[in-house]
Amino acid sequence: MKNPHLFAFTRRSLAVVLLAVAASGCVTVPAPVTVSQTIASQASLSTLNGLIVAADLQGALNAAGPFTVFAPSNDALKALPAAVLNDVSKDPAKLKNLLTFHVVPVAAMAKDVKNGNVKALNGDNLALSKAGDFVTVENAMVTKADIVASNGVVHIIDTVLIPPAKK
């Protein structure tokens, strides 16, 4: 039969060792990962990340938030007509408008999405809908949901959202 005091001593000793290691700085706790950093870490969002950098939006997406980013995948951006991508890439205001149309100032997990409109950071309304487990925003389907970040959530979508033309 095992000695119960030996087991308790061993558990206590382990706790003391772990505390000593943590206090010595040998254990590092990772910094919180923001939506901007989350997008940068996803291989399927590398094109979007490049556009975010070009529009100088990393700082905004590293802010406290909360944010929900409907992030078009590389394939979604590749399917965009080249003329549209070239046009917005050459005009910083158009690029920023396009990208901020993909961001809303709330953190919404897919299960919490309700049918209706929500205001994007660019000021335009985005139409959200949910049918069972399927979430759509405008004409885009969420293909990977709920990538949680410290200041919000990222949902990967299969189509680039085009904001309405300004009057």
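FYI, it's all coordinate maths here, none of it is from the lab. Remember, predicted model here, so these are calculated numbers, not experimental data. With ideal geometry, Cβ positions are generated from the backbone for all residues, glycine too; neighbour counts draw on all protein chains shown.
Separation between the residue 41 and residue 118 pseudo-spin-labels, each 7 Å from Cα along Cα→Cβ, expressed in nm?
Inter-label distance under the simple model: 2.1 nm.
Under a cut-off of 26 Å between alpha-carbon atoms, report the lysines in cross-link reach of residue 166, not counting same-chain residues fewer than 8 places apart.
Residue 166 reaches 78, 90, 94, 96, 119.
Decide, for the stretch 55-99, between rounded, prolate and oblate: order the square roots of the alpha carbon gyration tensor eigenvalues as a ≥ b ≥ c, take rounded if a/c falls under 1.5, and otherwise choose prolate if a/b is larger than b/c, else oblate.
oblate
Let's see if you can work this out: charge +1 on each Lys and Arg Cβ, -1 on each Asp and Glu Cβ, no other charges. What is the dipole magnitude of the stretch 85-167 about its Cα centre, in debye to the nearest 20?
For this selection, approximately 260 debye.
Using the Karplus curve 6.51 cos²θ - 1.76 cosθ + 1.60 with θ = phi - 60°, what ³J(HN,Hα) values do you get for each residue of the stretch 91-101, in whole Hz, with x for Gly and Pro?
Working through the residues one at a time gives 10, x, 5, 5, 4, 4, 4, 4, 5, 6, 5 Hz.
Averaging sequence separations of C-alpha pairs under 8 Å and six or more residues apart, then dividing by the length of the stretch 39-90, give the relative contact order as a whole percent.
Rounded, it is 42 percent for the stretch 39-90.
Which of the three applies to the stretch 22-134, rounded, prolate or oblate, going by the alpha-carbon gyration tensor with a ≥ b ≥ c and a/c under 1.5 meaning rounded?
oblate
Amide H neighbours of residue 109 under 5 Å, counting only residues 5+ apart in sequence or on other chains, H built in-plane at 1.01 Å?
Hits under the 5 Å cutoff: none.
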